[in-house]
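Every number in this text was worked out from the coordinates using simple rules, so none of it is lab data. Not measured: the values here are computed from a predicted model. Positions of Cβ are backbone-derived with ideal geometry, glycine not excepted, and every protein chain shown enters the neighbour counts.
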Amino acid sequence: MADKKTVKNIILGLVGIAVIGGIAYGANFAEKPVSGGSEVKSAQTTGQDDGLIPIRTWSKTDCSSTPWVVADLKGFFAEEGLKIVYTGDTQPAQQIPSILNGNNDVGSEHPNKLAVAIAGGAKIKGVVRAGIDPTPDLDPKLRHMNWYVNPEKFGDVHSFKDLANKEGQLTFSTITKNICADFLANQIADRQGLSRDKIEWVSMPDVQAVQALKQGLIAVAGVHPPYYKSMEDAGMVKIADSLDAGLGVAGGVGYYYFTTDFIDKNPEIIKKFARAIAKAQKWSNDYPEEARKMTEDWIHVPINATHYYATDTKIIESEIVPWIEDLEKSKVISQGKVKPSDLVIHSFDS
């Protein structure tokens, strides 16, 4: 574990970053509707009865926003008779609970977070894939995550392998526990000889990780595509990306999920949603510059890329296996407690 002075400095630094970030975010939020983008004019902002079926989710103001933005602004949801009602910001730890308590209808998560919730009794299922990691021949800026260090602190570090020779604990950023950030970083660490015991996880949003790394409050920051440009502009040095985890497409896989009760009662709505979001994801892959600009305008952060996405509604259970195995290895869940088929439903495959 990091010493108490180091942890205290990190916490104090993050409080300052959070205050600054909160002020900036509040200013932006005051100027736009709860939907997250000023271009969206749907029933939740106009109050008009447009005859569309509402589906509720939290405001998409992070790296997951692109398919939602595209499906909204390009009319893919409306074509299916749907509209997304954005209910406001929900902290990562409260997102699955907000689905379970009925405050929201749909969310998206990686397999490990779904597995932990389901192992704990949550009645939720993934219905269609969201992001995936691009194949090596595609633009590296589309990869699910990058990891950076501050050259002023680690001028001689260019990989996780180089970190293995550093003394003491290394503080890594993650948005929350049991998500892509810690899973993928652990996979890279295993492959490159960095002991997991040397990693001390510090929770923060990607937007805060940029400043935390620049200020020397953390040793390594793992962030998603909308924040690669911010890292590069700040002079941070990339030392790894999700391709280094050796998992192929599965390294970025996630799922849109609903409660099993919602799925049972509304199969036609799920089909409509799956078609609309898959169409939006294909459009985002086909028109990356337009998708990038729409995302940038939506989240109010300069970006040079979005995530890469599945383009159909097919679910491949083998992509879930390494995520569950890592949870078992880390003793987060017991061996055999959850299997891939517990996380997903194939009723909406195509």
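Using Cα centres only, tell me the gap between the range 70-101 and the range 180-227 in whole Å.
A separation of 28 Å, based on Cα centres.
Show that you can apply the helix-only estimate: for the chain, add -39,500 (n - 2.57) for every DSSP H stretch of four or more residues, divide by all residues, and state [θ] at 222 nm to the nearest 500.
Values: 15 runs with 144 residues, N = 350.
It lands at -12000 deg cm²/dmol.
Return the long-range amide H neighbours of Gly254 (sequence gap of 5 or more, or a different chain), with a cut-off of under 5 Å between placed amide H atoms.
Amide H neighbours of Gly254: Ala130, Gly131.
Give the aspartates and glutamates reachable from Lys125 as a straight Cα distance under 18 Å; neighbours fewer than 8 places away on the same chain don't count.
Asp105, Glu109, Asp261, Asp264, Glu268, Asp312, Glu317, Glu319, Asp342, Asp349
In whole angstrom, and with the biggest value first, how far do the Cα coordinates of the range 247-334 range along each principal axis?
Taking the Cα atoms of the range 247-334, the three principal extents are 43, 35, 22 Å.
Highest mean first, how do 52-58, 174-180 rank when packing is the count of other Cβ atoms within 10 Å averaged over residues?
Details: 52-58: 18.0, 174-180: 20.9.
Highest to lowest by the protection proxy: 174-180, 52-58.
Below 24 Å Cα-Cα, how many Lys pairs turn up in the range 273-335? Only count pairs eight or more apart in sequence, or on different chains, if you could.
4
Quick one: which residues, 5 or more positions from Trp58 or on another chain, have an amide H under 5 Å from its amide H? H modelled 1.01 Å from N in the peptide plane, none for Pro or chain starts.
Hits under the 5 Å cutoff: Thr87.
Take the range 199-350, drop everything but the C-alpha atoms, weight them equally and run the Debye formula without solvent; then report log10 I(q)/I(0) at 0.15, 0.16, 0.20 Å⁻¹ to two decimals.
For the requested q values the scattering log ratios are -1.06, -1.16, -1.33.
Once label points are set 7 Å from the Cα along Cα→Cβ at both Ser334 and Ala164, what is their separation, rounded to one decimal in nm?
3.4 nm
At 24 Å minimum axial length over the Cα atoms and a Kyte-Doolittle cut of 0.0, report the qualifying DSSP H helices in the chain, or say none. Write out the running numbers ahead of the final one.
Values: long enough: 4-30 (38 Å, 1.11); 267-286 (28 Å, -0.69).
Counting only whole DSSP H runs, the qualifying helices are 4-30.
I need the semi-axes of the equivalent ellipsoid of the chain: take the C-alpha gyration tensor, multiply each eigenvalue by 5, square-root it, list largest first in whole angstrom. Please report the intermediate quantities before stating the final value.
Details: eigenvalues 206, 112, 70 Å².
For the chain, the ellipsoid semi-axes come out as 32, 24, 19 Å.
Please compute the Cα-Cα pair-distance distribution of the range 55-180 with 10 Å bins starting at 0, giving whole percents from short to long.
With a bin width of 10 Å, the distribution comes to 10, 31, 31, 19, 8, 1.
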